[in-house]
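Engineer: Below you will find the structure I want to go over with you.
What follows draws every value from the coordinates through simple rules; no lab data is involved. All values reported here derive from a predicted model rather than from experimental measurement. Note: ideal-geometry Cβ built from the backbone for every residue, glycine included; neighbour counts use all protein chains shown.
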Amino acid sequence: MPTNSTFNILCLGDIVGHPGRAILQKKLGDIVTEFDIDFIVANIENSAAGFGFNSKLYNEFVLMNMDAFTSGNHVYSKREVMDKFSVFDRLVRPINFPDAHPGKGLRVFEKHGKRIAVINAIGRVFMPQLPHCPFEQMDVALNQLEADITILDFHAETTSEKQALGWYLNNRVTVMFGTHTHVQTSDARLLSKNTAYITDVGMCGAYDSVIGMDKDISVDKFITQLPARHQPVKQPNEYCIGALVTRVNLSNNSVSSVQSIHRVYNETD
Ligand SMILES: [Fe+2]
Ligand SMILES: [Fe+2]
C-alpha cells in the first residue's frame, strides 16, 4: 500500500534491446525505492534487439514487477507474437490502429485500491502507419471510461502533435507521456493540476548511441544511403534510463507533482 498521501507512477521510456533490459535489471529497484513507486508503465516496443518484443521478454518484465506495458509502431515487428496478444494482458498497442489489429489499446488495472487506465495512441505526422485520428479515438475511449487514474503513452514523432494532444486531453488524463523519439525533452510539467505532461520521456538503453542503436552503423547509413540493419549497441560503456515520476493525490486523484528522471550509469555503477 502507498506509505504516504500520494500514489506514485513511474513511466519508463522505450526499452531498447539488451542494454535497456540490463540497466533496468540492475537499477529499477533503486529507482522504485528512491521515488516510492506504486505503479510502473514501460514502453517495450524496442526491447527485442531494437525491434518489437517477444513472450520471453514480456515475462522478464513482469518478473521485474512492471505493471503495464505500452508499445508503438514496432509492436508487431516480431511475427511470433501475432497470435498471442490475448495472453499479453498487461500490454496495450495504439488504440487508433485499425480494430482488426491484434491487441487492445486500453486496459484498466487495479492497484492499491485505485483503478488505473493505461492507453497507448500513435501519431499521424511523419509516421509510416495510417492510423485513425488519435484525438477522435481518445474522445471515444475517455467517454466510456471509468477509472481513478488515466495514463496515456502517445507514441509520436513531432513535438507539435504531442503538445496539441496534451492540451486537448488536459484535465481528462492524469499523465500523458510521449515516446518514440528516444530523447528526453526537458518540459515535464503540469498542464493543469489534473494532468502531468512530457513531450518525450526518452529511452532506457545505451547512452553513447543513436537513439539506442549502434552509432557507427547509423552514421555510415546516413552517409552511404545504403541499406544496413540497425542494432543496439553490443557493449555499451554507459547506459541511460529516461522516465517520468508523477505523484497523484490519494484523496482526489489530482496531480501533486511531476518530474522527469534522466540517469546515466557506467559499467561499474
Ligand atoms: Fe521506440
Ligand atoms: Fe517507435
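Engineer: Quick one: in the stretch 138-182, of everything that is over 17 Å from the mean Cα position of the chain (by Cα), without any contact (Cβ under 8 Å) to a residue 60 or more places away in the chain and in a loop (DSSP other than H, G, I, E, B), which residue is nearest to V41 (Cα to Cα)?
Structural biologist: A147
Engineer: Another question, then. Taking only the stretch 184-204 into account, find how many residues are closer than 30 Å to S251 by Cβ, touching an Asp or Glu at 6+ places or on another chain (Cβ under 6 Å) and either without any contact (Cβ under 8 Å) to a residue 24 or more places away in the chain or surrounded by fewer than 22 Cβ atoms within 10 Å (Cβ to Cβ) (or both).
Structural biologist: 0
Engineer: Here is a list: Y239, Y207. Which entry is among the aromatic types (F, W, Y) and surrounded by fewer than 22 Cβ atoms within 10 Å (Cβ to Cβ)?
Structural biologist: Y207
Engineer: Give the residue that is nearest to ligand 2 (Cβ to nearest atom), with candidates limited to residues of the stretch 183-197 that are outside any loop (DSSP other than H, G, I, E, B) and aliphatic (A, V, I, L, M).
Structural biologist: Residue satisfying both the conditions and the ranking: A196.
Engineer: Can you confirm whether the stretch 233-248 contains a residue that is under 21 Å from the mean Cα position of the chain (by Cα) and in a loop (DSSP other than H, G, I, E, B)?
Structural biologist: yes
Engineer: If you don't mind, another one. How about the stretch 198-216: which of its residues are within 28 Å of A147 (Cα to Cα), more than 14 Å from ligand 2 (Cβ to nearest atom) and either among the basic types (K, R) or in contact with a helix residue (DSSP H, G or I) (Cβ under 8 Å, 6 or more places away or on another chain) (or both)?
Structural biologist: Result: T199, single match.
Engineer: Something else about it: Take the residues in the stretch 1-45 that are of a type in the set (D, E, K, R) and within 16 Å of ligand 2 (Cβ to nearest atom); name whichever of them is nearest to Y207 (Cα to Cα).
Structural biologist: Result: D14.
Engineer: Scanning for something surrounded by fewer than 17 Cβ atoms within 10 Å (Cβ to Cβ) and closer than 23 Å to V248 by Cα, does the stretch 135-142 turn up at least one residue?
Structural biologist: Yes; the residues of the stretch 135-142 include at least one that is surrounded by fewer than 17 Cβ atoms within 10 Å (Cβ to Cβ) and closer than 23 Å to V248 by Cα.
Engineer: Out of everything in the stretch 59-73 that is in a loop (DSSP other than H, G, I, E, B) and either within 16 Å of ligand 2 (Cβ to nearest atom) or of a type outside the set (A, V, I, L, M) (or both), what residue ends up being nearest to F109 (Cα to Cα)?
Structural biologist: D67
Engineer: When you scan the stretch 25-58, how many residues do you find that are of a type outside the set (A, V, I, L, M), buried (at least 17 other Cβ atoms within 10 Å of the Cβ) and assigned to a loop (DSSP other than H, G, I, E, B)?
Structural biologist: Total meeting the criteria: 9.
Engineer: Okay, next question. Going by the structure shown, is I217 assigned to a helix (DSSP H, G or I) and surrounded by 14 or more Cβ atoms within 10 Å (Cβ to Cβ)?
Structural biologist: Against the criterion (assigned to a helix (DSSP H, G or I) and surrounded by 14 or more Cβ atoms within 10 Å (Cβ to Cβ)), I217 qualifies.
Engineer: Please enumerate the residues belonging to the stretch 148-182 that are away from ligand 2 (no atom under 16 Å from the Cβ) and surrounded by fewer than 20 Cβ atoms within 10 Å (Cβ to Cβ).
Structural biologist: Within the stretch 148-182, D148, S160, Q163, A164, W167, Y168, N170, N171, R172 qualify.
Engineer: Further question on the same structure: Identify, by number, the condition in (1) in contact (Cβ under 8 Å) with a residue 24 or more places away in the chain; (2) small (G, A, S); (3) over 24 Å from T246 (Cα atoms); (4) more than 16 Å from ligand 1 (Cβ to nearest atom) that A117 doesn't meet.
Structural biologist: (3)
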